[in-house]
Amino acid sequence: MALAALASCSFSITTFHPYYPSNPSHSRSPSTFSPHLQTQSSFSFLAKSPPPNNHFFRFHFRPSILCRCSSYSPNVNTYIGTLVSLFEEIGISFKQTELLLLNAPELNSIPLDSLRDRVFSLYSLGLDRVSINHLVTERLTVLTANEIDPLLSFLRNELQGQLEKSKLKRLLLANETKNLSGFPQKVRLLVDSGIPVDKIVHVLNKVNLSKAICHRSIDEIERIIDFLKPFGGIHLIVKHPVILNCDLHNQLIPRIRVLTALSGGDEDSIGKVLNRFPIILNYSVEHLEEHIKFLRCFADLDDQQIFKIVLVFPAIFTSSRERKLRPRIQFLKECGLDADEIFKLLTKAALFLSISFRSNLAYKLGVLVKIGYKYRTKELAVAIAASTRISCENMQKMVSLFLNYGFSLEDIFAMSKKHPQILQYHHASLEKKMDYMIEEMNRDIQELLDFPAYLGYKLDDRIKHRYEIKKDLRGEQMSINKLLTVSSENFTGKRKKVSSVKSELK
């Protein structure tokens, strides 16, 4: 057996020096970030006091001792017994310990104090007994490799132990020791490149650490950051860290090249697209180009028009060309819209391209036809586009509200033709404005037939504010249209002029 073999032969113990202090109650060493980072107080080490009753504290934290034992030394049995006890504390059985010693002879040459310190370092980062057991049995180098200590020290002291536990476990399990050794330096590079110290943990918790950090060289990370600079750079990375998962040559460059060609080289607008919808980088060049080609050929749109639609609705690339784009654009064509009209409608109501037909559009089309809209007319296309942002339930309540206030279906049809936006207003907001019009302004609700746009103005900021100012000057029968449509600048100017005249008369 492995333990018997260990007891029957001489061995030497070589010492490695863990970065974690032997007395966990002592203050930790200062941050090892570059001087540039040390000036940022928010990245200083956050001291943690481990729970005093934790089972790991039964081990004494002593300095590691270099010792050489003869084949008959009683220290051998002591070493084996203590090693077994240590492993039992993290749930590793006697048989598992034997197997570990057979498969990893280097374990015999590591001081027990160093093993204890390493286990405690893992615990201090928030890993529980089960997690440490899994790490040790699956990747023993977590306990044996000297390169692990600087990493754990960095995670504890400079990242303040805030890396998510699932990320930490995956980091240690999925990467060879050689790929972990440069982790601190690469993270410092991200901070030196402009990622705020208080945001770096957020970024790390969102990315695939193996793909974005461990398996990349310093130069590769720098090239990605430099490439993204014209499109938002660090701000883009902080807001959407998953962009760091993308491969520079196979994903970022070719896919952004498609957007560059489509936009005519408008880097600022490309940055807006990436900022609004970074998932666009998950789609292949072929997928992006097929969507663009479809919009060129079937909708007869030019590249400038297509990019403007992408700018307001980048999720268009998630919509199936055959199941969603084709039937909806065909519907607009059947309603009599030409390419320019289709473009204008889609820039205002691009959601029309993606919402469900069966559970959304079909119901709304039924309501619009009931109101008075005719099939295959431009008015119907405009109305259905205006209603894309509201739920079917709200649309039904909106129609019922108008009917309750004495309007007919023909009246609703007439108002929505004159001001299609009423089809997207929330019914509760409409009711408050209509009540104010009747009760406070003493106006006939039927005036909405002439000026339905009244329902689109903010009640407190525009309607109430202006009415209270003007009612004493012009009385209650002033034109609601003129009251609300005049610009703020002209409205303020007229107020000053009236005030000046009144002052002179006094």
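Taking only Cα atoms of the range 390-469, what ratio of Rg to Rh do you get with Rh as the Kirkwood inverse-distance radius? Write out the running numbers ahead of the final one.
Numbers: Rg = 12.1 Å, Rh = 12.8 Å.
Rg/Rh for the range 390-469 comes to 0.94.
Report the extension gain between Lys165 and Lys417 in nm, rounded to one decimal, defined as 0.36 nm multiplied by the number of residues separating them, less their alpha carbon distance.
Length gained, Lys165 through Lys417: 85.0 nm.
Below 8 Å between Cα atoms, with a sequence gap of 6+, how large is the relative contact order for the range 288-447 in percent? Could the numbers behind the result be given before it?
Values: 142 pairs, mean separation 28.9, N = 160.
Result for the range 288-447 is 18 percent.
So, in nm, how far is label Asp450 from label Thr82 when the simple model puts each one 7 Å beyond its Cα toward the Cβ?
9.7
Apply 1/(1 + (r/R0)^6) to the Cβ-Cβ distance of Ser391 and Thr177, taking R0 = 56 Å, and write down the FRET efficiency to the nearest 0.05. Could the numbers behind the result be given before it?
Numbers: r = 55 Å, r/R0 = 0.98.
After rounding, the FRET efficiency stands at 0.55.
Between Arg321 and Asp268, 0.36 nm times their residue separation minus their Cα-Cα distance comes to what?
16.3 nm is the gain from fully extending Arg321 to Asp268.
Which percent of Cα pairs goes in each bin when the distances of the range 277-348 are cut into 10 angstrom slices starting at zero?
That works out to 19, 58, 21, 2, in percent per bin.
For a footprinting-style exposure proxy, rank Arg223, Arg358, Arg216 by other Cβ within 10 Å, fewest first.
Going from sparsest to densest Cβ surroundings: Arg358, Arg223, Arg216.
Please give the contour-minus-distance gain from Leu409 to Leu102: 0.36 nm per residue of separation, less the Cα-Cα distance, rounded to one decimal in nm.
Fully extending the segment from Leu409 to Leu102 adds 102.0 nm.
Once both labels are modelled 7 Å past Cα along the beta-carbon direction, what's the Phe298-Asp460 spacing in nm?
The answer from the label model is 4.6 nm.
Which distance in nm do the two modelled labels at Ser356 and Ile279 give, with both placed 7 Å along the Cα-to-Cβ direction?
Between Ser356 and Ile279, the simple spin-label model gives 1.7 nm.
Residue by residue through the range 233-240, which ³J(HN,Hα) values in whole Hz follow from phi under the Karplus form 6.51 cos²θ - 1.76 cosθ + 1.60 (θ = phi - 60°), with glycine and proline marked x?
Karplus values, whole Hz, x for Gly and Pro: x, 4, 4, 5, 5, 5, 6, 9.
Going from the alpha-carbon gyration tensor of the range 327-448, what semi-axes, largest first and in whole Å, does one get by taking the root of 5 times each eigenvalue? Don't skip to the answer; put the middle values down first.
On the way: eigenvalues 154, 39, 33 Å².
For the range 327-448, the semi-axes come out at 28, 14, 13 Å.
Taking only the alpha-carbon atoms of the range 76-156, what semi-axes of the equivalent ellipsoid follow from 5 times the gyration tensor eigenvalues under a square root, in whole Å, largest first?
20, 14, 12
Every number here is computed from the coordinates shown, using simple stated rules; none is lab data. This structure is a prediction, so every number in the text was calculated from the model and none was measured. Reconstructed Cβ throughout: ideal geometry from the backbone, glycine too, with neighbour counts over all protein chains shown.
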